[in-house]
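Written below as C-alpha cells is the structure these notes are about.
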Amino acid sequence: MTHKPLLLVLAMTLGGCSLIPDYQRPEAPVPSTFPEGAAYAAPSSGGVARIDWKTFFKDPALHELVDLALSNNRDLRKAALNVDAYRAQYRIQGAALLPEIGVDGRTGRSRTPGDLSTTGQHITSGDNSLQVGLTSYELDVWGRVRSLDLSALETYLASEETQRSVQLGLVANVAIAYFTWRTDQQLLEVTQSTLQNYRHNLDLVQASSEAGTASDLDVRQARTLVDSARGQVQAFTRQVAQDANALRLLLGTDMPANLSGVDLDKPLLADIPAGLPAELIQQRPDIRAAEHQLLAANANIGAARAAFFPSITLTGAAGTASSRLSGLFDAGSESWSFAPQINLPIFNGGRLKASLDYAKIQKDLGIANYESVIQTAFREVADGLAALGTWGEQIESQRDLVRTFEEYNQMAQQRYDEGVDSYLALLDAQRQLLSARQQLLTDHLAQLTSQVQLYKALGGGWSEVSQKPPVAQQ
C-alpha cells in the first residue's frame, strides 16, 4: 500500500503531459447555404456528390483515358512519392518515442614500457567488454517528442489528402481535355463541310459570271467566304493537334488507337447533387489537407512550449568486462553504468521565445489558409451552380438560333436564285449559319466543362475520399 503513491508519481512522470493547445475547428467563413436566384440551380437535399467517376462519366472512351492517366501521369506519381516521403518522416519521428537499444562489444590490448611502470618491468594488459546499452532516451515528461510525432502524423495525413486532390484534379482535367479535343474535331468537321459548300457556290457563281448572270462582285464576295473558311480549317486542324498533345501529357502515355467515343449530342454526364456548404468540409480533400496542416501547426506549439522546461535524458548499459576475452562470462565480471542527464534552459538569447512565436504564427497562417480554401471552394461551387442553372436554356436558345439561320439560309438562297436579293444577302446568311453552328458546339463544350468543374468543386466521388474529417487532436 505504501508504494502506491510512488508508483502513481512514476506513472505520471513517464506518461508525461501535453502542452498542445486545445484544438477547435475554425468556423467556416461562408454562408450556411449556397446563393439562390434566377441564375442558380437549386442545391440537392440529398447531400454532396458522392458519385464515382465511372458513374459520372458515361463515355467508355473517357473511362479508358482516365484509367491510363491514373496509372501513368507524372504529377500524380510525384504526389504519391510525396506521401511515401512524409510517411517515412513520420516513422522517423515516431521512433523517438521509443528507447534505442544497442549492443557494444570492445576488445583491446596495451603495453606499458618498464621505465614507466611501477615494477620496472613492461606490462601487457587487456580490456574486453560486452554491453547492452540504452542510448540517450529522452523522458518525454512535457510531451515535446509526442508533439513532434503528432505534427509529423498530421503532415503525413495532409500529404495523403493532397494526393487525393491531385487525383481528383487529374480526372477532371482529363475529362475537360477529352471533351475539348472531341469538340474541336466537330468544329473542324463542320467547317470543312461548310468549306465544300462555299467552294461549290463559288463554282456556280463563277459559271454564272461567265454566262453574264452574275457580277464580278458576286464572285469576289463568294471567294471571301472560301478564303475565310480555309483559314478556319487550318486553325481548327492546329487546335485538334494541340488538344491531342495536351491530352497525351495528362495521360503520361500515348492515346489508344481507334479511340471511339459516345456522340457528344448524347448525355455524357450524370446529374450532380450539390448539398450544403458544411458538407464540403467532409468531402473536399484540399479542405481536409488544410485542416491537417493546421493540426500539425497546433502540435508544433506544444513542442515549442515544452522546450522551455527541463529535459531528462537517460543513458545506461549493462554487460560484462574482463581483462581476458575468455573471462567475459565468468562470475563476478558483471558491469553496468547509468548516467541520467537533466538540461534546464536558462539563457538562450531569446531563441526559445522566438521559436514559440514562430509556431504560433504558423498556426495563424494555417487558420488563414484553411479559411481561404473553404472560401475558394464555396465560390467554385456557387459558380458551378450558376453555370448549371443557365447553360441548359442558353444552349436550347442557340439550337433555336441554328434552326432559324438554316431557314434563313434556305430563303436567302431561294430569293437569290429568283433574283430578288443580291448575293451579299446570301453570303451573310451562310456566314451567320456557320457562326451559329460553331457557337452551339462551343457552348456545349462550356456546359460540359462547367459540369465537370462542379463535380470537382464538390469533391468528386472517390470512395477513399468519403472519410470522416480530421478529429480535434488534444
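Taking 0.36 nm per intervening residue step and subtracting the Cα-Cα distance, what contour gain separates Ile312 from Met411 on full extension? Write out the running numbers ahead of the final one.
Numbers: separation 99, 0.36 × 99 = 35.64 nm, distance 9.55 nm.
Extra length from Ile312 to Met411 when fully extended: 26.1 nm.
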Practice problem: Starting from the Cα of Phe338, step 7 Å along the direction of its Cβ; do the same at Ala235; then give the gap between the two resulting points in nm. | Solution: 8.6
Quiz item: Taking a ≥ b ≥ c as the square roots of the eigenvalues of the Cα gyration tensor of region 216-302, is the shape rounded (a/c under 1.5), prolate (a/b larger than b/c) or oblate?
Solution: prolate
Quiz item: What pairs in Lys54/Lys266; Lys58/Lys456; Lys58/Lys78; Lys78/Lys456 have C-alpha atoms more than 22 Å from each other?
Solution: Lys58/Lys78
Quiz item: If you average the sequence gap of Cα pairs under 8 Å that are 6 or more apart and divide by the length of region 174-287, what percent do you get for the contact order?
Solution: 32
Quiz prompt | Exposure proxy order (Cβ contacts within 10 Å, fewest to most) of Trp336, Trp181 | solution = Trp336, Trp181
Quiz item: Put +1 on the Cβ of every Lys and Arg and -1 on every Asp and Glu Cβ in region 159-317; which of Leu280, Gln242, Tyr178 then has its Cα farthest towards the positive end of the dipole?
Solution: Leu280
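So, counting K/R as plus one and D/E as minus one, what does the shell of residues with Cβ under 13 Å around Glu138 add up to? It would help to have the intermediate numbers written out before the result.
Details: positive: Arg144, Arg146; negative: Glu100, Asp140, Asp149.
Residues near Glu138 contribute -1 overall.
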Self-check item: Sequence-distant aspartates and glutamates (8 or more away, or on other chains) whose Cα lies within less than 16 Å of Lys360
Solution: Asp22, Glu291
Quiz prompt | Residue order, fewest to most surrounding Cβ atoms within 10 angstrom, among Thr449, Thr191 | solution = Thr449, Thr191
Quiz item: What is the fewest-to-most order of Ser450, Ser136, Ser159 by other Cβ atoms lying within 10 Å of their Cβ?
Solution: Ser136, Ser450, Ser159
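Which net charge results when you count Lys and Arg as +1 and Asp and Glu as -1 among the other residues whose beta-carbon is under 15 Å from that of Ile395?
Working: positive: Lys266, Arg399, Arg403, Arg437; negative: Asp265, Glu393, Glu396, Asp400, Asp443.
Neighbour charge sum, excluding Ile395 itself: -1.
Only the coordinates and a few stated rules stand behind these numbers; no lab work does. In this text the structure is predicted, and so the values were computed from the model without any measurement. As a convention, Cβ positions derive from the backbone with ideal geometry for all residues, glycine included, and neighbour counts pool all protein chains shown.
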